[in-house]
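Here's the structure we're looking at; comments come further down.
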Amino acid sequence: SPEVLHIDGITEPYVWILARDMAAGSLPTKGQIYVGTGDPGSVYKLAPQQGKLQLLFRSTELHVHTLAVSTSGEIYAGTSPQGHVYRISPQGEANLFCDLPANYVWKLVFDGRGNLYAATGPDGVIYKISTDATDNSTPRVDVFFDSSETHLLDLIVDRESNLYACSEPNGLVY
């Protein structure tokens, strides 16, 4: 039967997202679990075997709605209500990676080629963000898809790197 393990340490009232480092190979971060919370928007590293959390990053944003982990182990956090994307090292060194022209970054996802996509609201746009920018340069941000929906809430990538999105208020899948 399932075991319930109580993990202390989250002080925020909202836990929005859990993400796992799915990197191939022997990176030390492989399999690591991260937690995105709200009010304030924070990112924790979870060590479930020990039942411990480590605060990696606390933003000035209210909520961290989404986390995506790159193949190199960097964590990307999408926030609201300012639409920021932060890049966080596995050690917790963070910087504002890009400021999207949206209030809500609902979902971040990498495709098989290392491209980062952001599903946003309230204008229902998917942005493609270059992740090859250094800490001192601005990443390239392009509109990948502009829907007629208010919010694009989730994204997945299939084996052929096709991107799928779901929306509100009309419950569409693109």
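Just so it is clear, none of the values below were taken in a lab; they were calculated from the coordinates. Computed from a predicted structure; not experimentally measured. All Cβ positions, even for glycine, are placed from backbone atoms using ideal geometry, and neighbour counts span all protein chains on display.
Key figures for this structure:
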quantity	calculated
Surface/4 of the Cα convex hull for the chain, nm²	11.1
Region 65-174 - percent relative contact order, Cα under 8 Å, separation 6 or more	18
Three-way shape call for region 39-134 based on the alpha-carbon gyration tensor, with the a/c threshold at 1.5	oblate
Cα shape, region 77-133, gyration tensor, a/c 1.5 rule	oblate
GNM top mover of GLU74, GLU93, GLU149 - the chain, alpha-carbon springs below 10 Å	GLU93
Sequence-separation-based contact order of region 84-145, relative, with Cα cut under 8 Å and 6+ spacing, percent	23
Peptides 80-90, 5-15 ordered by average Cβ neighbours within 10 Å, highest first	80-90, 5-15
